[in-house]
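Asks: Here it is, the structure in full.
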Amino acid sequence: DLSLGEQAKIFAKINSTQAKVSLDLVYELFNISDIRNVEKSAFSIVNELNTDKNSPWFGKIKTLSNRSGSMAQGSFAKYIHKELISEGKILENMFKEERENDLKTMLINFFKAIERFFPDEWNNMEEKYILRKTTGFVASMSLFKDLVTLARNKKETFSEKYCYTYVSKIMKEEVGLLTSDNYESGAKGQSRLKQKFNSIFTKEEKNILSI
């Protein structure tokens, strides 16, 4: 019941002082919805990865209530939403078939293989490695998608054993130290680390991945 003048004042105030909402809050708000959607499913998977004691990500994801994690829940959820389960993406059928728990298991199996091969870098007790930060996360998830494609082609079960078979082929001496000095933040550092991880595939496997 405000006057037109008061409405105009509020409109001007909101639109002249607006600030970008953090992804962490955005996906928490999607989670409140009663309607099932890709954003809510993505957030649910990330939340369970952070609270499941069997998950390599247990307690390691930065949330609104606990900022001590290394990977922000909003960024993690956005990747699952935009790169895995949206229409046209590699795992869109898992969303359509309401198989969020299966996708969570796949991610756990993959990151257990990463943790097993890079134990010091994953546990990151000295806070000097980037494997659990954005640069390492994006490069790792690129490898995850490649392994999903190969598993489908070869009719392999996406188990921890399957993932480790490939992850263990990574040449640590070629990768070097997984620090920000070697892999700077941003697309350039992510691309360089992706290339290092991608070198594990045979010529035949790379042909499959290029289709």
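Asks: Put +1 on the Cβ of each Lys and Arg and -1 on the Cβ of each Asp and Glu in the chain; which of Pro119, Leu4, Met71 then has its Cα farthest toward the positive end of the dipole?
Replies: Pro119
Asks: With θ set to phi - 60° and the Karplus curve 6.51 cos²θ - 1.76 cosθ + 1.60, what are the ³J(HN,Hα) couplings of the range 174-188 in order, to the nearest whole Hz, using x for Gly and Pro?
Replies: 7, 5, x, 6, 7, 10, 5, 5, 8, 10, 5, 5, x, 4, 5
Asks: Further question: Where does each of Asp24, Asp120, Asp102, Asp146 land when they are ordered by accessible area, with a 1.4 Å probe and the largest first?
Replies: Details: Asp24 10, Asp120 110, Asp102 65, Asp146 35 Å².
If we order Asp24, Asp120, Asp102, Asp146 from most to least accessible, we get Asp120, Asp102, Asp146, Asp24.
Asks: So which trypsin sites (Lys or Arg not before Pro) in the range 38-146 are both in a DSSP loop and have at most 13 other Cβ atoms within 10 Å of their Cβ?
Replies: On the way: sites: Lys40, Lys53, Lys60, Lys62, Arg67, Lys78, Lys82, Lys89, Lys96, Arg99, Lys104, Lys112, Arg116, Lys128, Arg132, Lys133, Lys145; in loops: Lys53, Lys60, Arg67, Lys89, Arg99, Lys128, Arg132, Lys133.
Here the sparse-neighbourhood loop sites are Lys53, Arg67, Lys128.
Asks: Report, in listed order, any pair from Lys89/Lys145; Lys20/Lys133; Lys145/Lys169; Lys78/Lys133; Lys145/Lys203; Lys155/Lys194 with a Cα-Cα distance greater than 19 Å. Could you put the intermediate results ahead of the total?
Replies: Details: Lys89/Lys145 10 Å; Lys20/Lys133 22 Å; Lys145/Lys169 17 Å; Lys78/Lys133 15 Å; Lys145/Lys203 17 Å; Lys155/Lys194 24 Å.
Going by Cα-Cα distance, Lys20/Lys133; Lys155/Lys194 fall outside the 19 Å limit.
Asks: Quickly estimate the mean residue ellipticity at 222 nm for the chain, helices only: each DSSP H run with n ≥ 4 gives -39500 (n - 2.57), and the total goes over all residues, rounded to 500.
Replies: Roughly -17500 deg cm²/dmol at 222 nm, from the helical runs in the chain.
Asks: Counting each pair of different Cα atoms once, what's the Kirkwood radius of the chain in Å, rounded to one decimal?
Replies: Values: mean 1/r = 0.0534 Å⁻¹.
Evaluated over the chain, this radius sits at 18.7 Å.
Asks: Express the accessible area of the chain per residue in Å², computed with a 1.4 Å probe while the remaining protein chains stay in the model. Provide the component values of the computation, followed by the final result.
Replies: Working: 12050 Å² over 211 residues.
Solvent-accessible surface per residue comes out at 57 Å².
Asks: Using the crude model of +1 on Lys and Arg Cβ and -1 on Asp and Glu Cβ, and no other charge, please compute the dipole size for the chain relative to its Cα centre, in debye to 20. Can you show the working numbers first?
Replies: Details: 33 positive and 29 negative charges, 89 e Å.
Dipole of the chain, to the nearest 20 debye: 420 debye.
Asks: Next up: Specify the angular offset, from 0 to 90 degrees and rounded to the nearest 10, of the alpha carbon long axis of helix 23-32 from the longest principal axis of the alpha carbons in the chain.
Replies: 80 degrees
Asks: Check each of the GluC sites (Glu not before Pro) in the range 145-181 and keep only those in coil by DSSP with at most 15 other C-beta atoms within 10 angstrom; list them in order. Walk me through the numbers before you get to the answer.
Replies: Details: sites: Glu156, Glu160, Glu173, Glu174; in loops: Glu156.
Of the GluC sites (Glu not before Pro), the ones in loops of the range 145-181 whose Cβ has at most 15 other Cβ atoms within 10 Å are Glu156.
Asks: Ignoring any ligand, DNA or RNA, what whole percent of the accessible area of the chain comes from carbon and sulfur when the probe is 1.4 angstrom?
Replies: Heavy-atom surface of the chain belonging to carbon and sulfur, 1.4 Å probe: 49 percent.
Asks: Something else about it: May I ask you to evaluate 6.51 cos²θ - 1.76 cosθ + 1.60, the Karplus curve with θ = phi - 60°, for each residue of the range 33-48 and list the ³J(HN,Hα) values in order in whole Hz, giving x for glycine and proline?
Replies: 4, 7, 8, 6, 8, 5, 5, 5, 5, 4, 5, 4, 5, 5, 4, 6
Asks: By the scheme Lys and Arg +1, Asp and Glu -1, what is the net charge of all other residues having a beta-carbon under 14 Å from that of Ser210?
Replies: Numbers: positive: Lys145, Lys203, Lys206; negative: Asp146, Glu204, Glu205.
Neighbour charge sum, excluding Ser210 itself: 0.
Asks: With a ≥ b ≥ c taken as the square roots of the eigenvalues of the C-alpha gyration tensor of the range 1-96, please select rounded if a/c is under 1.5 and otherwise prolate if a/b is larger than b/c or oblate if it is not? Before the final figure, lay out the partial values.
Replies: Working: a/c = 2.89, a/b = 1.82, b/c = 1.59.
Taking the square roots of the gyration eigenvalues as a ≥ b ≥ c, the range 1-96 is prolate.
Asks: What are the ³J(HN,Hα) couplings of the range 54-68, residue after residue, when phi is run through the Karplus curve with 6.51, -1.76, 1.60 and θ = phi - 60°? Round to Hz, x for glycine and proline.
Replies: 7, 8, x, 8, 3, x, 10, 9, 6, 10, 5, 8, 9, 8, 7
Asks: Now, a different point. Which of the GluC sites (Glu not before Pro) found in the range 21-91 are loop residues per DSSP with 11 or fewer other Cβ atoms within 10 Å of their Cβ?
Replies: Values: sites: Glu28, Glu39, Glu48, Glu83, Glu87; in loops: Glu87.
Passing both the DSSP loop test and the Cβ count: Glu87.
Asks: If contacts are Cα pairs under 8 angstrom and at least 6 residues apart, what is the relative contact order of the chain in percent? Walk me through the numbers before you get to the answer.
Replies: Working: 217 pairs, mean separation 32.7, N = 211.
Rounded, it is 15 percent for the chain.
Asks: When every alpha-carbon pair in the range 88-211 is counted, what percent end up more than 17 Å apart?
Replies: Numbers: 4421 of 7626 pairs.
I get 58 percent for the Cα pairs in the range 88-211 exceeding 17 Å.
The values are calculated or read from the model by the stated rules, or taken from the named source; none is laboratory data. Small disclaimer: the values here were computed from a predicted structure and weren't measured. Cβ atoms come from the backbone with ideal geometry, glycine included; neighbour counts cover every protein chain shown. Just so you know, the surface numbers come from the protein's heavy atoms only, side chains and all, with ligands and any DNA or RNA stripped out. Shrake-Rupley method; radii C 1.70, N 1.55, O 1.52, S 1.80 Å.
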